[in-house]
Ligand SMILES: Nc1ncnc2c1ncn2[C@@H]1O[C@H](COP(=O)(O)OP(=O)(O)O)[C@@H](O)[C@H]1O
Ligand SMILES: [Mg+2]
């Protein structure tokens, strides 16, 4: 990783120039970011990976978010200081995109994409320490939020991700730490799952970026 060249990413012996350097600032090119994402996607997920024409609008928002282009974020109504809540139907590519997106910005501190259900399994094994572990200063993307099972440790039930989101909200307010999530639930369903208190905090800490409900399943 070359920290002094954030506009050039090297991948399997090839360099991808995703923008131009203007002084110390990178002027990113959306088309070049897409070319890189497609190439990296093929490396990560197999040759069938491609950038779909119908995903360009959502990719434009996500790319501008991740490169922290404040002007464009404003134009698209998102706040670069909040996290992403990426929603959309099963199979539309949410998890893949969240895993890919961070590769565009190797100079930024990466977030760990972790399945929400694995967080609950951790809780079931080791209990409340899990909630502390995810309430720390690391960056996370909780994948598939809302469909994880209820946590249970020594006979006590716990809405594990609900508790973690409350901790993450405090980190957001006090330390500007961002959290990302993916989900196939809508706002009402999330509220049903986590309650009003969590839902109202989620509204403050996330930018909602949504695939079309009719976005097709990319599972080949
Ligand atoms: N842009 C893409 N091109 C080709 N295949 C894709 C693309 N995005 C996702 N996939 C494949 O489609 C399947 C579902 O993607 P995934 O990211 O898990 O969707 P979601 O998290 O929205 O359910 C996976 O097998 C993934 O490799
Ligand atoms: Mg997924």
Q) By how many degrees, 0 to 90 and rounded to 10, does the Cα axis of helix 160-175 deviate from the longest principal axis of the chain? A) 60
Q. Based on DSSP H runs of at least 4 residues, each adding -39500 (n - 2.57), what is the mean residue ellipticity at 222 nm of the chain after dividing by all its residues, to the nearest 500 deg cm²/dmol?
A. -13000 deg cm²/dmol
Q.
Suppose each label sits 7 Å from its Cα in the direction of the beta carbon; what would the residue 51-residue 117 distance come out to in nanometres?
A. 3.2
Q: Going by C-beta contacts inside 10 Å, put 58, 18, 8 in order with the fewest on the left.
A: 8, 58, 18
Q | Protection proxy ranking, peptides 166-177, 93-104, average beta carbon neighbours within 10 Å, highest first | A | 93-104, 166-177
**Q.** Descending Cα extents along the principal axes, segment 8-210, whole Å
**A.** 55, 35, 29
(Q) Could you list 161, 43, 37 so that the one with the fewest beta carbons within 10 Å of its beta carbon is first and the one with the most is last? (A) 43, 37, 161
(Q) Angle check, please: helix 116-126 long axis (alpha carbons) against the longest principal axis of the chain (alpha carbons), in degrees 0 to 90, nearest 10. (A) 50
Q. Once both axes come from the Cα atoms, what is the angle between helix 56-66 and the longest principal axis of the chain, in degrees from 0 to 90, rounded to 10?
A. 80
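Read the figures in this text as sums done on the coordinates, not as results from a lab. Since this is a predicted model, take the numbers as computed values, not measurements. Reconstructed Cβ throughout: ideal geometry from the backbone, glycine too, with neighbour counts over all protein chains shown.
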